Amino acid sequence: MQKLGRPIPAIEGLVAGTLLSPLIACSVDTGDQGLISSFVERWHRETSSFHLPVGEVIITLDDVASLIHLPIIGEFHTFQALHVDEAMLMLVDLLLVSAEAARAEIGHCHGPYVCLSWLQDMYQCRCQAGYWTAAARAYLLHLLGCTLFANKSATHVHVVFLDALCDLS
């Protein structure tokens, strides 16, 4: 997120309306790597909890809300599995990229993913063209890919998360 920075003034309202603005200040890079490694070693998938010397600890939604300052409200959003063709159509419809550009990026990422650097470029292009909603979606997908839905690669984000950004209101 440090490369992308804060959203430009033209889309600040769209970003703020999603209630995801607190994520802008979040970054994996700001964490203590030793502490993160210690927690990773103590994570047990079977129980979805940390096994610490003081006992078992479970992270709740309330804990998440307190740590990253996101309101936990409304209904859960369920993401459905996404075929490569559906991902391409999503990119064309929601980010206003050409079918060829979408196909090339998905092919480069070997599945329904896009590179965070590609999203940065799309954000800049959409801002320059004045396509504010598409720019806001590119910004928010990048934000989600760097924070809530970051993966081990730290370079890609799944296109399925764009589904939650269809209606920015």
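The values are calculated or read from the model by the stated rules, or taken from the named source; none is laboratory data. If you're wondering where the values come from, they're calculated on a predicted model, not measured in any experiment. A quick note on method: Cβ atoms are made from the backbone with ideal geometry, for glycine too, and the neighbour counts reach across all protein chains shown. Accessible surface is based on the protein model in full, side chains and every heavy atom, while ligands, DNA and RNA are left aside. Shrake-Rupley method; radii C 1.70, N 1.55, O 1.52, S 1.80 Å.
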Of the residues LEU95, LEU141, LEU35, which exhibits the maximal mean-square fluctuation in a Gaussian network model of the chain defined by a 10 Å Cα contact cut-off? LEU35
Just tell me the longest site-free run in the chain, where the sites are trypsin sites (Lys or Arg not before Pro) in a DSSP loop having at most 15 other beta-carbon atoms within 10 Å. 46-151
Over the range 99-169, what portion of Cα pair distances is larger than 21 Å, expressed as a whole percent? 19
Keeping every protein chain present and rolling a 1.4 Å probe, give me the accessible area per residue for the chain in Å². 60
Could you give log10 I(q)/I(0) at q = 0.22, 0.24, 0.26 Å⁻¹ for the range 57-152, computed by the Debye formula over C-alpha point scatterers of equal weight, without solvent? -1.17, -1.28, -1.39
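May I ask you to give the percent of accessible area on the range 11-111 that is carbon plus sulfur, with a probe radius of 1.4 Å? All intermediate terms of the calculation are to be shown ahead of the outcome.
Numbers: 4200 of 6960 Å².
Of all accessible area on the range 11-111, carbon and sulfur atoms account for 60 percent.
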Please check: in the Gaussian network model of the chain (C-alpha springs, under 10 Å), which one of PRO53, PRO112, PRO22 has the largest mean-square fluctuation. PRO53
Cα-based Rg/(2.2 N^0.38 Å) for the range 39-99, rounded to two decimals, is 1.76
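Evaluate E = 1/(1 + (r/R0)^6) for ARG6 and ASN151, where r is the Cβ-Cβ distance and R0 equals 30 Å; express this FRET efficiency to the nearest 0.05.
Numbers: r = 24 Å, r/R0 = 0.80.
Efficiency for this residue pair is about 0.80.
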What's log10 of I(q)/I(0) for the range 11-117 at q = 0.19, 0.20 Å⁻¹, Debye sum over Cα points only, no solvent? -1.17, -1.17
Under a 10 Å cutoff between Cα atoms, tell me which one of ILE72, ILE11, ILE36 has the largest fluctuation in the Gaussian network model of the chain. ILE36
Which whole-angstrom value gives the distance between the alpha carbon centres of the range 44-101 and the range 118-148? 18
